[in-house]
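J.: Structure below; questions to follow.
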Amino acid sequence: MVSKIRSLGLQGVTGYEVSTECDLSGGLPNFDIVGLPDTAVKEARDRVRAVAKNCGFTFPVSRITINLAPADRRKAGTVYDLPILVGILTAGGQLPPPEEDAALVGELSLSGQLRPITGMLPMAMAAARAGIRRLYVPADSAAEATLAKGPEVYPVHDVGELARHLRGEERISPAPLWTPLAAERNGPDFSQVKGQRAAKRALEIAAAGGHNLLMSGPPGSGKSMLARRLPSILPDMTMEEALSTTEIYSVLGLTTAEEPLVVQRPFRAPHHTISGMGMAGGGAPVPRPGEISLAHNGVLFLDELPEFHKDVIEVLRQPLEEGKVQISRATATEVFPSRFMLVCAMNPCKCGWYGHGSRCKCREADVEKYQAKISGPLLDRIDLFIEVPAMEFDELSVRESKEESSAEIRQRVNAARKLQVARSGAGGASCNAQLGPEELNRFCALDDECQTMMKSAFERLGLTARSYDRILRVARTIADLDGAEGIELPHLAEALQYRQPAAWMNR
């Protein structure tokens, strides 16, 4: 009286196969679940017992032992309700066993209805890797499971429907592959921004190459307004990028049955009171992704950068370099993807008017203390520095001004990004910001004239090896926007212009 039902579990943002083994034996009635279950898994005992009775089955009066293998991995959540129930009914002869290449996941209500679950996409992708060909999931999670393009997905509404299917009385039709509709960008548009052409140009370069950007300027100059329009010019997501981002959102329960796939690049703007754990991820007993992972393949916008706690800002340094973050705890170590564009905005001093004569009321010592909140190593990881000046009355009072729309800018950004993908080839960098050392040597070679300019700038500005590479990447992006084959002198000159921190940063 032993049955074995294939199921799936989650570790971090990665799925893996779980074998639900059920044994019914003689002795005093008892119900044990082993295999490192958490509280939610243990509570399945009460849910399964109630469901069996409410759906017309006879709950076995015997010693029931459920083993969730592999037994050395912690099992969390409610996804094991359905395989536990089917395992018990199969071991007791009340249901025929599912196919050997089938797996079941799902949370049960007491009436036998199946509720949607989190982490469906990474589990479905794990099922494809494990050779599972049929996947029984809650109906509201079926669309997300089809995105894995692996096993056939059977949407199950309730236990009675699944029982009729297993008995061959009424077959469940597989769910069709969910396909997204054409994405519409109805958010704020760059055509609404008057002036600030230099800042718009810097944002276009950042979007085209995936570069990090820091904007500085007095209050009300439009830094936050510009940053919040950045999503409208970001390049379209590839399916690979959309799936990797959706895995993270699925684990955190941020997908829906109507929109199971993240088709727009994320734009995350956490408040400056966020903790280091909220930014990088963490928690107990199982670490969960933080804001930098939610911004994967998108933008992390930090408004009022110096107001963030220093430890929160410094936690960004490793992810900015490696595109991932490792969270180590006593119970588990997880690695979450976190390849994002960092966009920051800040005032040059506490009052915001440093460099505007008598309008600034801050002492020099206070200005230095305010700016010193941002460390040199973090600044070295930023590609473009741009000063956003205060708007003059004449610029604001113009009623009719023809400003370029986001759609026009996005056309150039998409064209430049296509050049980068084609140049790197399959498996290469998806944007210039991700170019490695070998690709820098191949795609960012400088002629003699450019080498002379770079040498002069390197000595004059006191650049580091990291900033040298970042200048080359930005210059390559500017060349791509121009459609140039190689980096030319104007491209390098503009990249150097953006690399120089504004005067208030020279401390």
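The values are calculated or read from the model by the stated rules, or taken from the named source; none is laboratory data. Fair warning: this is a prediction, and the values are worked out from it, not measured in the lab. Please note: Cβ atoms are built from the backbone with ideal geometry, for glycine as well, and neighbour counts cover all protein chains shown. Each accessible area value is taken on the protein alone, full model and side chains, heavy atoms only, with ligands, DNA and RNA left out. Shrake-Rupley method; radii C 1.70, N 1.55, O 1.52, S 1.80 Å.
J.: State whether the range 344-472 is rounded, prolate or oblate according to the following rule on the C-alpha gyration tensor (a ≥ b ≥ c being the square roots of its eigenvalues): a/c under 1.5 gives rounded; otherwise a/b larger than b/c gives prolate, and the remaining case gives oblate.
T.: In terms of gyration-tensor shape, oblate.
J.: Another one. Only residues of the range 199-240 count here: report those whose backbone N is under 17 Å from the spot 7 Å along Cα→Cβ of LEU379, or say none.
T.: Answer for this model: 212-218.
J.: Shifting gears a bit: With the full set of protein chains in place, find how many percent of the accessible area of the range 220-330 is carbon and sulfur; take the probe as 1.4 Å.
T.: Percent of accessible area from carbon and sulfur atoms in the range 220-330: 52.
J.: A follow-up question, please. Pick out the long, greasy-scoring helices in the chain: whole DSSP H runs spanning 20 Å or more along their own axis by Cα, mean Kyte-Doolittle at least -0.5.
T.: Counting only whole DSSP H runs, the qualifying helices are 465-482.
J.: Leaving out ligands and nucleic acids, note down the accessible area per residue over the chain with a 1.4 angstrom probe, in whole Å².
T.: Heavy-atom accessible area per residue stands at 45 Å².
J.: Can you compute the modelled spin-label distance between SER25 and MET391, with each label point 7 Å from Cα toward Cβ, in nm?
T.: Rounded to a tenth, the inter-label distance reads 7.6 nm.
J.: As an exercise, use a Förster radius of 60 Å and the Cβ-Cβ distance of LYS418 and ALA365 to find the FRET efficiency, rounded to the nearest 0.05.
T.: Once rounded, the FRET efficiency stands at 0.75.
J.: Using the 2.2 N^0.38 Å rule of thumb for compact globular proteins, work out how the range 85-142 stacks up: its C-alpha Rg over that value, please.
T.: For the range 85-142, the normalised Cα radius of gyration comes out at 1.20.
J.: Once the other residues with Cβ under 14 Å from the Cβ of ILE274 are scored (Lys, Arg +1; Asp, Glu -1), what is the net sum?
T.: -4
J.: Sticking with this structure for a sec: If you keep only loop residues by DSSP, which trypsin sites (Lys or Arg not before Pro) in the range 91-199 have at most 10 other Cβ atoms within 10 Å of their Cβ?
T.: Hits after loop and neighbour filter: ARG171.
J.: Follow-up question, since we're still on this one. Which length gain, in nm to one decimal place, applies between ASN441 and SER358 when the Cα-Cα distance is subtracted from 0.36 nm times their residue separation?
T.: 25.0 nm
J.: List the trypsin sites (Lys or Arg not before Pro) within the range 399-462 that fall in a DSSP loop (any state other than H, G, I, E or B) and whose Cβ has at most 13 other Cβ atoms within 10 Å.
T.: Those satisfying the criteria are ARG399, LYS402.
J.: Straight-line reach from LYS223: which lysines have a Cα under 26 Å away, not including same-chain ones fewer than 8 places off?
T.: Here the lysines satisfying the reach criterion relative to LYS223 are LYS194, LYS200, LYS310, LYS350, LYS361, LYS369, LYS373, LYS402.
J.: Which one of ALA50, LEU472, PRO151 is farthest out on the positive end of the charge dipole of the chain, using unit charges on Cβ (Lys, Arg +1; Asp, Glu -1) and the Cα centre as origin?
T.: Comparing the listed Cα positions along the dipole, ALA50 ranks first.
J.: Continuing with the same structure: Based on the alpha-carbon gyration tensor of the range 1-115 and its eigenvalue square roots a ≥ b ≥ c, which shape applies: rounded if a/c is under 1.5, prolate if not and a/b is larger than b/c, or oblate?
T.: rounded
J.: Label 7 Å along Cα→Cβ of GLN94; the range 57-75 residues with amide nitrogen under 11 Å?
T.: Answer for the range 57-75: 57-61.
J.: Taking a quarter of the surface of the convex hull around the Cα atoms of the range 185-246, what do you get in nm²?
T.: Orientation-averaged projected area of the Cα hull: 5.1 nm².
J.: OK, next. Grab the other residues whose beta carbon is less than 11 angstrom from that of LEU213, score K and R as +1, D and E as -1, and report the net.
T.: Charge balance near LEU213 sits at -1.
J.: Using the alpha-carbon centroid of each, what span in Å lies between the range 207-245 and the range 415-470?
T.: Taking the Cα centre of each part, the range 207-245 and the range 415-470 sit 21 Å apart.
J.: For ILE33, what residues show an amide H to amide H distance below 5 Å, using hydrogens built from the backbone and excluding near sequence neighbours?
T.: Result for ILE33 returns ILE66.
J.: Quick one: Cα centre-to-centre distance for the range 62-117 and the range 273-322, in angstrom?
T.: 36
J.: Turning to a different aspect of this structure: Going by amide H atoms built from the backbone, whose H comes under 5 Å of the H on ARG288, apart from near neighbours?
T.: GLY282, GLY283
J.: Ok, one more. Return the aspartates and glutamates within reach of LYS53: Cα separation strictly under 15 angstrom, same-chain partners fewer than 8 residues apart disregarded; answer none if there are no such residues.
T.: Of all the aspartates and glutamates, those that pass the test against LYS53 - Cα under 15 Å, at least 8 places apart if same chain - are ASP81, ASP158.
J.: Could I ask something else about it? If you count the DSSP beta bridges with both ends in the chain, what percent of them are antiparallel, to the nearest 5?
T.: Bridges in the chain that DSSP calls antiparallel: roughly 45 percent.
J.: Within the range 10-130, what percent of beta bridges assigned by DSSP are antiparallel, to the nearest 5?
T.: Roughly 65 percent of the DSSP beta bridges within the range 10-130 come out antiparallel.
J.: For the range 85-137, what % of the accessible area comes from carbon and sulfur atoms, probe 1.4 Å?
T.: On the range 85-137, the fraction of accessible area on carbon and sulfur atoms equals 48 percent.
J.: Let me ask you something else. Just check the chain against the gyration tensor rule for me: Cα atoms, a ≥ b ≥ c as the square roots of the eigenvalues, rounded for a/c under 1.5, and otherwise prolate or oblate depending on whether a/b exceeds b/c.
T.: Because a/c hits 1.5 or more and a/b exceeds b/c, the chain counts as prolate.
J.: Using the Kirkwood radius built from alpha carbon pairs, what does the Stokes-Einstein equation give as D for the range 113-159 at 25 °C and 0.890 mPa s, in µm² per second?
T.: 239
J.: Output the peptides 79-87, 325-333, 230-238 sorted from most to least packed, where packing is the average of other Cβ atoms within 10 Å over each peptide's residues.
T.: Packing order, densest peptide first, comes out as 79-87, 230-238, 325-333.
J.: Pull out the extension gain between GLN192 and THR464, defined as 0.36 nm times the separation in residues minus the alpha carbon to alpha carbon distance; nm, one decimal.
T.: 94.1 nm
J.: Mind giving me the nanometre distance, one decimal, between the label points for ALA40 and GLU170, set 7 Å out from Cα along Cα→Cβ?
T.: So the label points at ALA40 and GLU170 sit 3.0 nm apart.
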